[in-house]
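Enquirer: Below is one structure. I have some questions about it.
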Amino acid sequence: MKRREFIRLVGGAAAVWPLAVRAQQAGRNHRIGFLGMTSYAQYRHQVDALRAGLRQLGYEEGRNTTIEYRWAEGRYDRLPELATELVRMNVNIIVTHSTPGAKAAKEATSTIPIVAISGDPVAFGLVASLHSPGGNLTGVAFFFAEICAKRVELIKEAIPSLTRIAVFVNPTSSATSIALAAMQRTASALKCEIVPIEVTARDDIGAAVTLVARQAQALVAIEDPVITSNARKIADFALQNKLPMIGFRPQAEAGALMEYGADLADLFSRSASFVDKILKGTAPTDLPIERAVKFEVVVNLKSAKTLGIELPTSLLLRANEVIE
């Protein structure tokens, strides 16, 4: 074969190969494993955003995609077992959220790609850096410690007379210490004191809220499986005890004074593009971890009225949503 003919043949094969790969993918059923911290009922809005993002990219459940859901119902101890179960099912990729979920998935497999929505993957040792994650994990990060610190700032803005702010902490969670340190720095700058109250199980919540009402003037929640899976119960107890509270969206909807956090629906939607790129052949190590860009403030005016708090106009103008 002449050199010119050989080059033409190889070039033609190179051009045809991507088409062949796409054709193979088009006829393939993709299996996506989803490792959730609490329940579908708790994360319905976010999971639906992920599914919508996948559909926009051509991945439709029941047609060319199967999503295997595993929910831990707020129990840390179930995560390793559930992650291992997904690995044994030989899924093509695992999508998860929160640091405990990402850790469990990473410990269960070093080969199956993982797309994680987590607080600070570098600080928690999940990746080497945001730009070059290395290994089999990538995804999006949402400034967990900074968000918790911002909640302290916002509750102080809402109630300028505050001097003691309670925080529910779970000593078994590695995320707690990082968040608490950031919150204490912010509180100190605002001439406030952080009062940590331990909560390690659902049964601790009632007594913990009563203790907060005696020892502090407000409560700030952080994302922990025990807190997240009992979000509405905590918000109910806080309101019953006339305790102003700032936390995450389900708590504001249930009666907490305010919510501040990353727009999780946006992060779940954006994670679909990582799934798409990985399923099309890009290695996780070649996909830099992206940062959250959308944050939201939700104010519950009904609860403010019940608590006898008149929120400043500056805060109301910044709210993405006002519950009345």
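The values are calculated or read from the model by the stated rules, or taken from the named source; none is laboratory data. Worth saying up front: this structure is predicted, and the values here are computed from it rather than measured. Don't worry about glycine lacking a Cβ; one is built from the backbone with ideal geometry, like all the others, and counts go over all protein chains shown. Side chains are part of the model used for accessible areas, which takes the heavy atoms of the whole protein and leaves out ligands, DNA and RNA. Shrake-Rupley method; radii C 1.70, N 1.55, O 1.52, S 1.80 Å.
Enquirer: Taking the range 174-186 only, how many residues are open to solvent by 50 Å² or more (accessible area, probe 1.4 Å) and touching a Phe, Trp or Tyr at 6+ places or on another chain (Cβ under 8 Å)?
Expert: Step one: filter the range 174-186 for residues open to solvent by 50 Å² or more (accessible area, probe 1.4 Å), giving 174, 177-178, 184-185.
When the remaining residues are screened for being touching a Phe, Trp or Tyr at 6+ places or on another chain (Cβ under 8 Å), the result is 174, 178.
Total satisfying the criteria: 2.
Enquirer: Would you mention how many residues in the range 138-150 are within 16 Å of the chain's Cα centre (by Cα) and part of a helix (DSSP H, G or I)? Break it down stepwise before answering.
Expert: Step one: filter the range 138-150 for residues within 16 Å of the chain's Cα centre (by Cα), giving 138-148.
If we keep only those that are part of a helix (DSSP H, G or I) as well, we get 144-148.
Number satisfying all stated conditions: 5.
Enquirer: What strands (runs of 3 or more DSSP E) completely inside the range 187-296 contain at least 1 residues that are out of contact with any helix residue (DSSP H, G or I) (no Cβ under 6 Å at 6 or more places or on another chain) and crowded, with 17+ Cβ neighbours inside 10 Å?
Expert: Working: elements: 193-198, 218-220, 245-247, 258-262.
It comes to 245-247, 258-262.
Enquirer: Another question, then. Which residues, counting only those in the range 46-83, are within 21 Å of the chain's Cα centre (by Cα) and hydrophobic (A, V, I, L, M, F, W, C)?
Expert: Matches in the range 46-83: Val47, Ala49, Leu50, Ala52, Leu54, Ile67, Trp71, Ala72, Leu79, Leu82, Ala83.
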